Amino acid sequence: MASEKAGAGQGDERMAELGFFRKLFRRPEVGALIGAIVVWTFFAVLTPGNWVSVTGLARILDSSSTLGIMAVAVALLMIGGEFDLSAGVMTGTTALITGMLGTQLGWSIWVTMLVALIFALVVGYLNGLMLVKTGLPSFIVTLSSFFILRGANVGVTRLVVNQVRVAGIDKVPGFAAARLLFNTEFHLFGAEFRTVTIWWIIITLIASWLLLRTKYGNWIFATGGDADAARSQGVPAQRVKIALFMTTATAAWLVGTMNDVRLRSAVASQGIGNEFIFIIAAAIGGCLLEGGYGSAIGASIGALLFGMVRVGITF
């Protein structure tokens, strides 16, 4: 009887109030933020003249932006419990589709971008559909897509333009407007920034709001935590997974388009190998490999870490 009273007096530990620091360090992105601060301080000590300046910040953001866009999309998929090994090569595939249709057929870049987007959505849908219908691991399903797209990039490009590079995209109708929207430069505080950084920030905020403030975000966490339990509670887990693969494919299309308008060309090898960098950036940002836990902001910080290391080593 006495032990029961003692237990009642202590209360349920799940209802206990947590202190500020305990709450803070439960956030998935805090570890990545601490790492980013350490890395920034390290390079600030070694190269203060180049690093601690608006120009240095602009270079870091430029190096991190497209990686950050993909890391956020991959983070959503990882929270949902899956991987996409075709995300890197898809950036090259969509860039090649946009470039070849514009340079070979003379179509407006807006039309070619739409065709490339539709292609990306179809591939993302097929990846998700094959996953949920066959029960195969996403590693196997998307690895197959990776090899198919990699081979198609080289074979089709050589067949159409007789080389593995599509040049002259800046001659396609509508190129100037597309470059202005997706990846052009602007000056701020005496340094040159790019609009891709604005895209990255907006996408990160939208993804974070989606995860933390919407029913669909709860579905993503539930699906990644335990898909069977989520389905038993009425969560459309299969549709969530398919939608997440389509989201990753859309992000790859956006990055491919940004590369097109910046570089004015596309190559068949573009994006190959980057899929692992996207996953690593998301994991650094606090996404668990088994799913059900993570943060869009953390994935962006992970991408920022990569950008700082790239620029810092150069400095």
Between the range 119-165 and the range 22-67, what is the C-alpha centre distance in whole Å? 34
Karplus (6.51, -1.76, 1.60) ³J(HN,Hα), θ = phi - 60°, over the range 118-123, in Hz, Gly and Pro reported as x: 4, 4, 4, 5, 5, 5
Between the residues Gly225, Trp200, Phe278, the Cα farthest towards the positive end of the dipole of the chain, that dipole coming from +1 and -1 charges on the beta-carbon of Lys, Arg, Asp and Glu, is from Trp200
Label-point separation in nm, Val160 to Leu263, each point 7 Å along Cα→Cβ: 1.5
About the Cα centre of the range 173-315, how large is the charge dipole given +1 on each Lys and Arg Cβ and -1 on each Asp and Glu Cβ? Please answer in debye to the nearest 20. 260
P(r) of the range 54-155 over all Cα-Cα pairs, 5 Å bins starting at 0, rounded to whole percent, reads 2, 12, 17, 20, 18, 14, 10, 6, 2, 0, 0
How large is the dipole of the chain about the Cα centre if only Lys and Arg carry +1 and Asp and Glu carry -1, each at its Cβ, rounded to the nearest 20 debye? 420
With θ taken as phi - 60° and the coefficients 6.51, -1.76 and 1.60, list the Karplus ³J(HN,Hα) couplings across the range 236-248 in order, rounded to whole Hz; mark glycine and proline as x. x, 4, 5, 5, 4, 5, 4, 4, 5, 5, 5, 5, 4
Among [x] 21.8; [y] 20.4; [z] 16.8, which is the computed mean projected area of the Cα convex hull in nm²? [y]
Given a cut-off of under 8 Å on Cα pairs at least six residues apart, what relative contact order in percent is computed for the chain? 37
Please quote Rg/Rh for the range 204-294 to two decimal places, taking the Kirkwood radius as Rh and restricting both calculations to Cα atoms. 1.05
So what is the relative contact order for the range 253-315, in percent, with contacts set as C-alpha pairs under 8 Å and at least six apart? 22
What is the calculated FRET efficiency for Val39 to Leu126, with r their C-beta to C-beta distance and R₀ = 35 Å, to the nearest 0.05? 0.35
The Cα radius of gyration of the range 185-250, divided by 2.2 N^0.38 Å with N its residue count, comes to 1.56
Keeping every protein chain present and rolling a 1.4 Å probe, give me the accessible area per residue for the chain in Å². 49
Hey, how many Å between the Cα centroid of the range 227-279 and the Cα centroid of the range 282-303? 15
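Considering only protein heavy atoms and a 1.4 Å probe, what is the carbon-and-sulfur percentage of the accessible area of the chain?
Ligands and nucleic acids excluded, carbon and sulfur give 67 percent.
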Two pseudo-spin positions, 7 Å from Cα along C-beta at Leu46 and at Phe147, lie apart in nanometres by 3.9
Rounded to whole Hz, the Karplus (6.51, -1.76, 1.60) HN-Hα couplings of the range 189-197, x for glycine and proline: 6, x, 10, 9, 9, 10, 5, 4, 5
Find the lysine pairs in the chain meeting two conditions, Cα atoms under 29 Å apart and a separation of 8 or more places or different chains, and report how many there are. 4
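The values are calculated or read from the model by the stated rules, or taken from the named source; none is laboratory data. Note that this is a predicted model, so its numbers are computed, not measured. When we count neighbours, we look across all protein chains shown, and the Cβ atoms used for this are built from the backbone with ideal geometry, even at glycine. Accessible surface is based on the protein model in full, side chains and every heavy atom, while ligands, DNA and RNA are left aside. Shrake-Rupley method; radii C 1.70, N 1.55, O 1.52, S 1.80 Å.
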